[in-house]
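For reference, the structure is listed below as structure tokens.
The values are calculated or read from the model by the stated rules, or taken from the named source; none is laboratory data. The shown structure was predicted, so the numbers you read here are calculated from the model rather than taken from an experiment. Just the protein is used for accessible areas: all its heavy atoms, side chains included, with ligands, DNA and RNA removed. Shrake-Rupley method; radii C 1.70, N 1.55, O 1.52, S 1.80 Å.
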Amino acid sequence: MLVYAVVSWIPSLQGRWSTYVARVVEPVLQPVRRIIPPMGGLDLSFLVVILLVGYVMNLIPRFAFESAYCLIR
């Protein structure tokens, strides 16, 4: 996703490979864009997705630890 963001800001880096990156990233961003449309040329969907991914990645180890703790008890 970070590569996609950089390429969108620097058009000279775009090439055939950036189309493949867009095919992977756009399906993730589109549902968020339906809820939060770009405002004044600023697309917040990338930030929202990054925050959600960080939140979920934080929950997974916590959930795994609590589940393992319950099994040991």
*Restricting attention to the range 20-73, which residues are modelled with pLDDT of 90 or more and of a type in the set (Val, Ile, Thr)?*
Val21, Val24, Val25, Val28, Val32, Ile35, Ile36, Val48, Val49, Ile50, Val53, Val56
*asked:* So in the range 6-52, with the set limited to residues that are among the basic types (Lys, Arg) and over 13 Å from the mean Cα position of the chain (by Cα), which one is least open to solvent (accessible area, probe 1.4 Å)?
replied: Arg23
